[in-house]
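I have placed the structure first, in the form of structure tokens, so that the comments after it can refer back to it.
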């Protein structure tokens, strides 16, 4: 830090190495630095952290950052220390002696930023320490990261987050900034209410992540489809594969490893040491594929995740958006890929119906699932649908499977009538598998047992194959024309406007979905080094090798030293002086001081 009073822009350049703020960052920084409260909704990779880190450096005292995950705290603190910022964290990973040392440093004013777990922030002892700092005017701000954890309707609910309003009650003069990448209007309202942010300004950035390509395929053999996707487009690259159950996580990770993919499992049922070891490998090594439940991911600050894949349907668009948002944080091309089928719809509806939640909770959960099904079955741009959910108007993106290869939409009224009639004539007591068999005229043991081979609907659907009929039933459920009766073990029931369809008073439009490879699946270069010439490519490789060594020496992930995008710019521009180095995005004063000589040696012509 220089002796002259810093400004927001000087801190941005000298500490973090960036020449200009993005979007509303500067206005947010000015508002919080001036003592104002705010709620910030900004997509993953949009630069949320700077919105509280810079005000904390501008204001007297220490900024207190409440963060829900140990891994996030550790990475943020490591990155800040690399940049020359005095930072520390307090969480359960510290020994009693180390925690006491951080607490002493906090009292003595040794830190610009201290990250704390919500449980720690609410401990009487810590609140008492904050009270002493507050009396001396030594708390710069409170930042509440991942603020959507306060929402009881959300998929990341943390009960202790509700109690964080105590910070404002006890220390009313300290500005607060709550931040999240994922919140529809219901969740935003709940954040404001529960954190007592009624007078705060709200800053909403675009939710668009234009570098992410969205693709949803019809589930046939999901594991084989996933492997084909990885081999064709992301061989040797880092990514996350989400599965619904712990067992499926274990089986999928083991199977991928057998196929030569560097895959690791992660779920809450594993012992803590194994979980932490796998997470550390994912963050510190290149090319790891983490197969996980949604227990993994929130707060993972790894910029070079090239894909996020779903083998099971998430619970909501918020969940889908947040999980897919972990890809491509560096702004380079990335993929969000999902395999989806009727079984996913049945399972999700079963979980909602079987939950112990209040009726209002079940209604909201069902509405959120319906919105996600609408996205899956969309015959128009997926990004337009996705952003519309967050009240953002957009144009077709040209970078989703629907835009790249528009699906065929057909008049499925007759097929829908046959399917609905089959449901009705079998007494609304059977699931899709049996119903498809009947439409195809298969004399199965069950058909004979129930005399269903004598029904008028037996064999009337031979114009479509089994896969096509599965798609018909799935879309009828998604459109609300059929419902799933979980008390009847997944049997399908007539619902909504199904009787109007049967009476010929309503038409039904259906879409074809392709399970195989599409034009959208063509190989794209996602490496930061794409387009480098021979000499620049060699420099890029030297820089990466050097960064790996520095990261190991410092015990931090490679991206904490420099992001891929910074190394690529160094390789492309080949700066030959410290002045030229300092103009490269991501090279701040501290990193220039520590690494300038080594970088110039590596880049010497």
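No lab work stands behind these numbers, since they all come straight from the coordinates. Since we're looking at a predicted model, the values are computed, not measured. So basically every Cβ, Gly included, is an ideal-geometry build from the backbone, and we count neighbours across all protein chains shown.
Per-structure values
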| quantity | calculated |
| --- | --- |
| Mean separation of Cα contacts under 8 Å (6+ apart) over length of the range 212-404, as relative contact order % | 25 percent |
| Gyration tensor verdict on the range 212-404 (Cα atoms; rounded if a/c is under 1.5, prolate if a/b is larger than b/c, oblate otherwise) | oblate |
| Shape parameters for the range 409-512, alpha-carbon atoms, Rg then Dmax in Å | 12.6, 37 |
| Estimated 222 nm signal from helices in the chain, with DSSP H stretches of n ≥ 4 weighted -39500 (n - 2.57), rounded to 500 | -13000 deg cm²/dmol |
| The chain shape via C-alpha gyration tensor axes, a/c threshold 1.5 | prolate |
| FRET efficiency, 1/(1 + (r/R0)^6) with R0 60 Å, evaluated for residue 454 and residue 535 via beta carbons | 0.20 |
| For the range 1-104: rounded, prolate or oblate by the Cα gyration tensor [a/c cutoff 1.5] | prolate |
| DSSP-defined beta bridges in the range 1-144 - what % are antiparallel, rounded to 5 | 0 percent |
| Cα pair count fraction exceeding 22 Å, expressed as % - the range 534-603 | 10 percent |
| Packing-based exposure ordering (other Cβ within 10 Å, fewest first) of 128, 405, 569 | 128, 405, 569 |
| Contact order relative to length of the chain, as percent, for alpha carbon pairs under 8 angstrom and 6 or more apart | 14 percent |
| Per-residue Cβ neighbour rank within 10 angstrom, fewest leading, 512, 168, 310 | 512, 168, 310 |
| Whole-Å distance, taken between Cα centres, linking the range 236-268 and the range 359-429 | 28 Å |
| Residue order, fewest to most beta carbons within 10 Å, for 95, 151 | 95, 151 |
| Counting DSSP beta bridges with both ends in the chain, the antiparallel % (nearest 5) | 15 percent |
| Mean Cα-pair separation over length for the range 8-204, i.e. relative contact order, pairs under 8 Å, 6 or more apart, % | 30 percent |
| Span from the the range 573-588 Cα centroid across to the the range 57-72 one, whole angstrom | 29 Å |
